[in-house]
Structure formats: C-alpha cells, structure tokens
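One structure below.
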Amino acid sequence: MTRNMKRLGWAAASATVALTASGLLAPAAFAGDDQTVAPTSGAAFDASAKQLLSANDDVQAVGKDGNGNVVVVTTDASALDGESGAISKRSANVVVKEVAAELTSFADSDVVGGAGYYAEAINPADLSGFCSIGFTGFDKAGNPAVISAGHCEGDGARKVTQLTLPTSDDAGGAGTKPTLTYDLGSFAFAQWGGPGNTTEDTTTSAVDISVIDVANPALDLLPVVTDWTTASSEDLSLSTRPVKAVGKAQIGAFSKSGRTTGFTDGEVSIVDGWARVGGRSVYGFGGQLKAGPGDSGGAVIQGSTAVGVVSGGDEASGFFWAADLQAGLALTNGYSVALDIDEPALTAPTSGGTVGLGGTISGTAPVNTTVEVDPATGETFTIPVDGAGNWSFAAPDELGPYKFSLTAFSGYSRSAAVAASVDVRIAAPMITSPSEDAFVINELTSISGTGLVGATVTVTGGTSESATERPTALELLGTAVVDAAGNWSIPVDLSYGNYLVSAVQARDSQTSATSEVKFIVGPPEPTIDGIQDGANYSGAAVPTSISGTGVDGAEILVTLNGAEVGRTTVRNGVWSVQLGVLAEGSYEIAATQTIGGVANGVAVNFAVVPAAVPSPSATPGPAGNGGGLANTGMGDVAPLAWGALVLLLGGIGALGFRSLRRASR
C-alpha cells in the first residue's frame with residue numbers, strides 16, 4: 001500500500017460475504033425492513049450499473065464478487081441510502097466499499113517521475129506523458145506492436161513514443177526525470193471510455209486500450225512480463241513472467257507490472273463491472289493492489305494468463321482498477337498479445353533414433369497450437385496438435401538421415417525452433433501368418449506377411465523343446481520378393497514342434513531390423529468316445545474303460561480327477577485305457593495326446609449315481625384253485641414250498657456266519 005491506506009468498512013463487508021456464502025449468516029438488508037435482491041447479470045445488471053454510475057458522482061465502480069453479490073465502490077457510503085435503480089444499499093446482496101478519493105488514471109501527465117515509455121504530444125501546447133507497456137503483440141498482419149492503456153494516448157494528443165531507461169524509472173529506484181532510449185513506435189488505435197471516447201457506457205465496449213505499432217527493427221519484443229528485479233542491470237528481460245494465454249480475470253490473486261511501483265501482487269475482488277476512471281466508464285475488474293501514476297497501461301496477469309491493463313484507481317486506499325484485455329482487443333481490428341509458447345518435443349523416435357520407411361514420427365506440443373516442420377531439404381509443412389497435445393506425421397519415403405526443425409505457433413506467436421533428426425530405415429517386415437502364439441494343427445505349409453515393395457524378405461526358423469525356449473539355431477526357410485501390393489509368402493513344410501520364425505527385408509543396400517513370431521504345430525485334440533460330457537451313469541452303465549481316436553503313434557495319457565489312470569499309444573487311429581470300478585461321485589476324465597514333443601488334450605465331466613430302486617407292487621393270487629389245477633385233496637403246496645426255502649436259506653446263512661466267525665478267531 002502507498003501513503004494513507006484507509007480501511008473503511010471493507011473488512012466487515014468481506015466477512016459478512018464469507019459468512020453468507022458458508023450459510024452461517026443470512027443476507028441482511030442495509031437499512032429499513034424491505035429487502036430486495038440486486039441483479040448480478042444480464043441487461044438488468046448492466047442498466048442498473050449504468051444508472052447508479054450516472055446518478056451519483058460518489059459511486060466510482062460497480063461490479064460483482066465471487067459470492068453472488070454486487071459490489072459498489074464509492075467515496076461516500078451514506079449517499080447510497082436512497083434507492084438508485086435496481087441496485088441500492090438496501091438490497092440484500094449489495095456490498096459497499098468506500099475509497100478515499102475519485103479513481104484517477106494512473107498516467108503521469110506532468111512528466112515527473114519517469115515512465116516505462118514516453119508519449120510525446122503532437123502539439124507542444126499539450127502535455128506529453130509517461131506510461132507503462134502492457135504486453136507485446138502483433139497487428140493483424142503479424143507486425144510487432146505494443147498494447148497499453150487508451151488514456152495514455154491523450155485522446156489523440158500524443159502520437160510518438162520512446163522507451164525509458166529502467167534505472168531512471170521510479171520502479172528502478174531513481175525517481176528522477178526518466179532517460180529516453182529507443183524509439184518505440186506510434187499509436188495506431190486508442191479508446192478510453194465508450195466508442196468515440198464517450199464518458200458513460202456500461203457495455204463491454206467501454207474500454208481503456210491502446211496499441212502502438214513498433215517500427216524500430218533494433219527492438220526484440222518478448223512475450224513476457226518483467227518483475228523489475230533486474231532493473232539495475234538495465235535489462236528487464238533477465239527476470240520475467242511468461243505470458244502463455246489471454247483470458248478473463250477471476251476472483252483471486254493477481255499481479256501487475258508497471259514503471260512506477262514495479263511488480264506487485266493483489267487480490268481481485270470485483271469482476272465484470274465498470275469503474276469511472278478519470279470521469280469515463282471502463283469495463284474490467286478491480287481489487288486491492290499497490291499501483292500509482294505512471295503504471296497506466298502496465299500488464300495485469302493471473303499466473304501466466306494476461307487478463308488486463310492498468311487503468312486507474314485510488315492510490316491512497318489501494319483500490320485498483322484494470323481494463324478487461326479481451327474486451328479491449330476486440331475493438332483494435334485484429335491486434336493480439338504475443339504468447340510465450342513452449343517448444344514442441346519429438347518423442348517417437350527421439351532425436352537421433354531410427355524410424356521405419358513409411359512409419360510415423362510423433363511428439364507433443366502445447367494444446368491450441370500448430371507445429372511447423374521445416375526439413376533441411378524439401379517444403380515446410382504444418383501439423384495440427386490434438387486436444388491432448390499430440391502430433392504426428394508420416395516419415396519420408398527416402399532412406400537415410402532426415403533432418404528437420406520443429407516450431408509450435410498460435411497466430412503470430414511462435415516457440416523457439418527445435419532441431420531434430422531421425423534415420424529413416426527399412427522397417428522390419430510383418431509376419432501376418434501364422435500369428436504370434438498360434439497353434440497350427442498337424443502342419444504349416446506357408447509363412448506370409450507384408451513388407452516394402454521390391455524388398456527381398458529372408459525367413460529363417462527353428463524348433464525348441466518348449467514354447468518358452470529359443471531355438472539354438474535358425475535355418476533358412478526361404479526367401480521372397482515383396483509384390484506391388486506389399487505382400488510376400490514362402491512355402492514351408494513344418495510338422496509337429498515349437499517354432500520361432502524370424503524375417504528381415506533388404507532393398508537398396510539396406511537391411512531392416514528383424515521381426516519374429518512364436519507358434520506351435522501340434523496334433524488335434526484326441527476324441528473320447530462312449531462317455532458323454534455332463535452325463536450321469538449308474539449300475540451296469542458305469543464306464544469301466546475309456547477309448548477314443550487320435551493320431552497314429554501319439555502317446556495318450558488318461559487322468560481321472562487329475563490323477564493318472566493309464567497311458568497307451570494310438571494304433572490304427574484308436575486307443576483305449578481301463579478305468580476300473582468307479583464309486584459314486586463326480587469325475588473329470590482327460591485324454592492328452594503327445595507327438596513330436598507337442599501335446600493337445602480334451603476332457604469330459606460325468607457322475608456315477610445310485611441305481612434307481614423300483615417301487616414295490618403286490619399282486620394277489622387266486623383264491624383256492626382259482627379254477628386252476630384239479631384239486632388233489634392235498635391243499636395248496638405253495639406254503640410248504642416257501643417254508644422249505646426259508647429253512648434252506650436259514651441253514652446257509654448260519655453256515656456262512658459261523659465260517660466268518662471262525663475266520664475272525
């Protein structure tokens with residue numbers, strides 16, 4: 001803060017806003033019983049702000065904070081007791097900030113104290129002035145320019161500008177009459193207030209913006225904002241903040257840089273509003289920040305985003321107002337801010353690496369930029385950068401070193417150029433059949449793939465004991481020339497085994513890297529006959545053996561619930577293994593056939609269940625003879641026969657019991 005800083009009700013109002021936002025305190029009217037809610041957006045807000053600014057000379061600014069409140073900046077809070085349109089002190093969502101004096105433009109028109117640049121009056125009778133550069137930039141044709149505040153041009157009274165020596169500016173520590181150095185340029189456009197420099201306007205066309213066309217080729221305009229820590233070295237570019245984007249101010253921390261008070265930090269508390277700066281409406285944002293005369297036009301940033309230029313304020317109370325940068329630029333007929341764009345990066349391959357002929361060169365760059373590729377030989381071309389910051393282009397169709405530079409740009413802003421080179425080589429041919437880890441049944445008769453048209457493809461291969469081992473040696477399997485469609489194929493006769501096959505291609509005295517595939521040539525699954533998957537068996541139907549078909553000479557291994565029950569060899573296309581007696585339960589039976597060190601198998605599941613018990617049924621015999629045999633007078637012999645059978649069975653049972661008892665002694 002400079003000089004006498006007044007704290008007039010702002011802290012209390014801010015605390016009220018914070019409590020209201022948190023739900024701990026409900027909004028309350030400022031006076032009286034009636035409460036209204038002031039509009040905070042749209043035409044109603046714009047009209048109310050205009051009426052309040054025009055009806056009351058004490059009101060200096062009207063805007064919004066981040067909590068849904070309208071903020072009224074005034075030199076006399078008591079003047080708001082009465083109604084003034086839809087915004088009044090009586091409204092529940094109005095916060096009032098009192099400042100010490102009317103807001104004045106921060107230009108040093110009496111030529112005392114120095115400035116970042118000197119604006120010379122066209123007519124000697126008019127006053128010249130000192131202001132600060134906001135941002136470097138471009139006109140719509142890409143020529144260099146400087147962006148500053150509109151009131152620095154003095155409503156057309158000033159035209160030519162010159163830079164000042166940093167050590168002679170107030171921020172540089174001198175505080176004496178500034179020393180002029182380089183010619184800067186001439187104002188090309190300026191507006192302070194509404195169109196035509198009108199005094200009252202509450203639209204986004206009420207701005208404070210100027211642009212200076214820079215005609216001095218000796219100047220090197222950089223897309224950065226100085227923090228004034230290197231003023232003593234006469235080179236403000238040694239310590240800077242980059243400008244990487246242009247945006248709209250948000251509630252929160254911000255910074256400004258100007259020739260009088262240097263680089264200072266503050267807090268944006270009002271956005272999307274208008275202030276009466278030097279008697280003219282300026283659309284923008286405000287808050288607490290140290291600034292003073294001569295800072296006008298200086299850069300206002302949030303992080304690395306340019307959001308405004310210094311317009312004015314009340315130095316005594318530290319209230320500061322900045323003109324909205326985007327709104328101002330929109331009226332300049334195509335002028336733009338120069339951005340500090342990060343260099344693009346080459347990622348695949350890295351610089352110095354190799355890329356296959358017809359392959360892809362790719363990398364990264366800032367989002368919303370375009371990458372320019374400038375080959376050492378050939379035409380320059382551009383590539384779009386996608387929303388994730390990636391770019392790519394096809395490698396050239398000529399073999400050998402490929403040197404180029406990469407530059408990212410947005411509009412007329414460009415990054416530094418990045419030198420890169422890759423070695424374009426013949427890519428390894430592709431083996432498309434068989435595929436990696438394929439299982440080929442019985443035999444493989446050809447290997448095929450794609451490659452560089454006209455190249456000779458050499459294919460070698462070998463076998464190993466298992467699929468995880470590499471062959472000890474590779475033998476030549478054949479060669480082929482890639483046809484006009486980019487395809488090649490060689491005939492082979494590969495039987496059972498674990499194989500690794502490699503391929504290279506050569507053309508124009510250059511040989512590619514190697515491509516490889518692993519695959520297996522093996523037998524088909526054996527079959528299991530007579531046992532149905534998922535079936536239940538009981539009684540005489542329970543299987544006691546298993547059989548099926550397979551490849552002659554293959555060894556068959558049979559397991560039951562994971563335990564081996566037998567081995568055999570396929571003869572005449574069939575095989576069989578005994579299972580023995582199976583108790584009740586669930587079973588998985590698997591048959592695996594192995595030949596040439598390669599196995600293939602099949603499994604089925606079944607269950608052994610109890611036999612079904614038939615339901616008992618009584619069939620009564622005929623009464624008496626029932627009209628059967630002639631009566632002999634002996635009666636029915638059936639009871640006698642059954643009695644004899646019982647006696648006989650009882651005798652046998654007893655003998656068996658005694659025999660078992662004896663055997664147990």
**Q.** Qualifying strands (runs of 3 or more DSSP E) (wholly inside the range 294-361; at least 2 residues being at pLDDT 95 or above)
**A.** 299-302, 305-314, 319-324, 345-348
Q. Which of the residues belonging to the range 264-273 are touching a residue at least 40 places away in the same chain (Cβ under 8 Å) and open to solvent by 10 Å² or more (accessible area, probe 1.4 Å)?
A. Gly266, Ser269, Val271, Asp272
Q) If we keep just the residues of the range 169-195 that are more than 46 Å from the chain's Cα centre (by Cα) and small (Gly, Ala, Ser), which is nearest to Gln51 (Cα to Cα)? A) Gly175
Q: Kindly indicate whether any position in the range 200-215 is over 26 Å from Gln51 (Cα atoms) and surrounded by fewer than 22 Cβ atoms within 10 Å (Cβ to Cβ).
A: yes
Q. From Glu153, Glu200, which residue is in contact (Cβ under 8 Å) with a residue 24 or more places away in the chain, in contact with a helix residue (DSSP H, G or I) (Cβ under 6 Å, 6 or more places away or on another chain) and charged (D, E, K, R)?
A. Glu200
Q: Please specify each residue of the range 224-251 satisfying the condition of being in contact with a strand residue (DSSP E or B) (Cβ under 6 Å, 6 or more places away or on another chain) and touching a residue at least 40 places away in the same chain (Cβ under 8 Å).
A: Val224, Val225, Trp228, Leu236, Arg241, Pro242, Val243, Ala245, Val246, Gly247, Ala249, Ile251
(Q) Which residue is nearest to the chain's Cα centre (by Cα), if the candidates are limited to the range 428-453 and must be small (Gly, Ala, Ser) and open to solvent by 40 Å² or more (accessible area, probe 1.4 Å)? (A) Ser435
Q. Out of the range 69-105, which residues are closer than 25 Å to Thr260 by Cβ, open to solvent by less than 10 Å² (accessible area, probe 1.4 Å) and at pLDDT 75 or above?
A. Val73, Lys97, Val99
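Listed here are the residues, each with its yes/no results for (1) modelled with pLDDT of 90 or more; (2) part of a loop (DSSP other than H, G, I, E, B).
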| residue | (1), (2) |
| --- | --- |
| Pro178 | no, yes |
| Gly185 | yes, no |
| Gly193 | yes, no |
| Ser210 | yes, no |
| Ser232 | no, no |
| Arg241 | yes, no |
| Ala249 | yes, yes |
(Q) Residues that are of a type in the set (Gly, Ala, Ser), at least 1 per element: which strands (runs of 3 or more DSSP E) completely within the range 521-603 meet that? (A) 535-537, 545-549, 563-569, 574-578, 585-595
Q) Of everything in the range 31-60 that's closer than 24 Å to Ser317 by Cβ and in contact with a helix residue (DSSP H, G or I) (Cβ under 8 Å, 6 or more places away or on another chain), which residue is modelled with the lowest pLDDT? A) Asn56
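The values are calculated or read from the model by the stated rules, or taken from the named source; none is laboratory data. Keep in mind that this is a model prediction, so the values were computed, not measured. Cβ atoms come from the backbone with ideal geometry, glycine included; neighbour counts cover every protein chain shown. Side chains included, ligands, DNA and RNA excluded: accessible areas come from the protein's heavy atoms. Shrake-Rupley method; radii C 1.70, N 1.55, O 1.52, S 1.80 Å.
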